[in-house]
Amino acid sequence: MSRLVVVSNRVAPIQEGEATAGGLAAGVLDALKQKGGLWFGWSGEVKDASEPQPERTVGPITLFTIDLSRKDYDQYYRGFANDTLWPVLHYQIGLGHFEWPEFEGYRRVNDLFAAGLTPLVRPDDLIWVHDYHLLCLADSLRAQGLTNRIGLFLHTPFPAPGVFMTIPSHAELIRAMCAYDLLGFQTEIDRAAFIDYVLRHADGVRVETEGGRKGIVSVFGRIVRTGVYPIGVHVDEVRAQAETPINRRQATRMRANLLERLILSVDRLDYSKGLRQRFAAFERFLAEFPAQHGLVTFMQIAPPSRSDIETYQRIRRELEGEAGRINGRFAEVDWVPLRYLNRGFPRNVLMPLYAEAQACLVTPLRDGMNLVAKEYVAAQDPEEPGVLILSEFAGAARELDAALLVNPYDEAGMARAMNRALSMPVEERQERHQAMLKVMRTNSLERWRDRFEADLRGA
Ligand code: ADQ
């Protein structure tokens, strides 16, 4: 059987025997561990005179990394990928900015990846590319003469055409994306938005049906398949981690500190996650439900990410100010309503914390999937489950419709949902939890990986 070659912006820093990480890393690692293969990406190092890195092997996986120059990093990663594409893909028009030289830098780094990867690829390898950093990679690989099957899975949303077209280089991006054989999306909404763009705005397009689904587009003379592959989590692994006591000292301290009930949020510190709106909703909750004072703590865990980008520095400053102001307004000598933790935690701390929380607030303004929502559901004790409050604009809401769905722009609605979650009878909590668990067991991480791989193989 042909070998799997995975390409992503970053290669996870994996060690032999290490517990699996979340998200992309977990999914990719699983796929590679099973059958062996190659993982190619950026080392995370910014160096102007970089030596080619030697390959590393961890078990059956071979890792290849390349360094980026300062200019590459600024234009490709900090610029076009994270300050143009990211906001637009998340419907945040006007938050980022666009510069043609940065787009050229993005194309240049996609070419650089292709040049580094091509000599390593065997003729029958399957190439699975991940995410918005590498929309043009297949086009670059084709320019190197590669004829392998190449697929892209987009972890972020794909926005409505009118939104995507605010990127001045949108036509070139779409043309490059059509050099893939398979384009995978998290939800049907994202896939349909892509098809909609192609139908209306690209030349020479025909949509064909496969098995009753409008999946294939023939565009610019090539056949491009599209599909929906919602990413999942390892349900049983998360539950097992959630049940492991963290360590006795930590557990005792946690219990002592959490005599009140806990509403939990866990996110990368990113404006797309809706943290500002969520803080405002919690303030509204405190103002409108005074009976809950002293009884509830809202804990927001949000480690800084991409902190060399202005918009990320701004959201961080805003949240620090808001957390202080809200606590200043409502705290008592023996009660602090909002706890804001600006750092990440290992999974063996995070999963038990999920299990402790009576409610989890996952309210992104837009999100490809959101694995925190799924991890929270998986971590719950089925007899005494907590309540998931979920944004209707997270990809996860397509599957987890038994959550309390909210509009992240509706502060009053979110405040009501918090109150409802805290007073929900156990029968209703169990019913909702079971319904969500059932979907998650069907749409597992294994299924995500196997379906994408099989469709790419058949492409
Ligand atoms: P992210 O935007 O990073 O991922 P998400 O899916 O919520 O978002 O989280 C990924 C992982 O990071 C989760 O496993 C979570 O446990 C972990 N994590 C998040 N915050 C953490 C914290 N504070 N401390 C420790 N761990 C933390 C992108 C897309 C998502 C999509 C994923 C996977 O933006 O929409 O779900 O890829 O496809």
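The values are calculated or read from the model by the stated rules, or taken from the named source; none is laboratory data. What you see is a predicted model; the values in this text were computed from it and never measured. Cβ sites come from the backbone with ideal geometry, for glycine too, and all protein chains shown count toward neighbours. Ligands, DNA and RNA are stripped out before the accessible areas are found, and what is left, the full protein with its side chains, is counted by its heavy atoms. Shrake-Rupley method; radii C 1.70, N 1.55, O 1.52, S 1.80 Å.
Tabulated data for the structure shown
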{"item": "Filter result (under 13 Å from residue 187 (Cβ atoms) and open to solvent by less than 50 Å² (accessible area, probe 1.4 Å)) within region 392-407", "result": "394, 395, 396, 397, 399, 400"}
{"item": "Selection within region 54-82 - open to solvent by 30 Å² or more (accessible area, probe 1.4 Å) and assigned to a helix (DSSP H, G or I)", "result": "70, 71, 74, 75, 77, 78"}
{"item": "Residue check, residue 63 in contact (Cβ under 8 Å) with a residue 60 or more places away in the chain and not assigned by TED's automatic domain parsing to the domain that holds residue 273", "result": "no"}
{"item": "Where residue 366 falls short, out of the listed (1) under 23 Å from the mean Cα position of the chain (by Cα); (2) surrounded by fewer than 14 Cβ atoms within 10 Å (Cβ to Cβ); (3) under 30 Å from residue 439 (Cβ atoms)", "result": "(2)"}
{"item": "Residues located in region 202-252, provided they are at positive phi and modelled with pLDDT of 75 or more", "result": "220, 221"}
{"item": "Residues of region 304-330 that turn out to be among the hydroxyl-bearing types (Ser, Thr, Tyr) and open to solvent by 40 Å² or more (accessible area, probe 1.4 Å), as a count", "result": "1"}
{"item": "Elements of type strands (runs of 3 or more DSSP E) in region 286-389, at least 3 residues being within 12 Å of the ligand (Cβ to nearest atom)", "result": "296-301"}
{"item": "Selection count where residues are in a loop (DSSP other than H, G, I, E, B) and modelled with pLDDT under 95, scope region 419-459", "result": "3"}
{"item": "Close pairs from region 359-372: first free of Cβ contacts under 8 Å to residues at least 40 places away in the same chain and of a type in the set (Ser, Thr, Tyr), partner in a strand (DSSP E or B) and within 6 Å of the ligand (Cβ to nearest atom), Cβ under 9 Å, at least 6 apart", "result": "none"}
{"item": "Given (1) at pLDDT 95 or above; (2) open to solvent by less than 10 Å² (accessible area, probe 1.4 Å), number of the condition residue 178 does not satisfy", "result": "(1)"}
{"item": "Residue satisfying condition, being open to solvent by 70 Å² or more (accessible area, probe 1.4 Å), at pLDDT 95 or above and aliphatic (A, V, I, L, M), within set 333, 266", "result": "333"}
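Every residue, every condition in (1) more than 14 Å from residue 5 (Cβ to Cβ); (2) in contact with a helix residue (DSSP H, G or I) (Cβ under 9 Å, 6 or more places away or on another chain); (3) open to solvent by less than 40 Å² (accessible area, probe 1.4 Å); (4) not assigned by TED's automatic domain parsing to the domain that holds residue 54, yes or no:
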site: 115; (1), (2), (3), (4): yes, yes, no, no
site: 118; (1), (2), (3), (4): no, yes, yes, no
site: 142; (1), (2), (3), (4): yes, yes, no, no
site: 146; (1), (2), (3), (4): no, yes, yes, no
site: 161; (1), (2), (3), (4): yes, yes, yes, no
site: 171; (1), (2), (3), (4): yes, yes, no, no
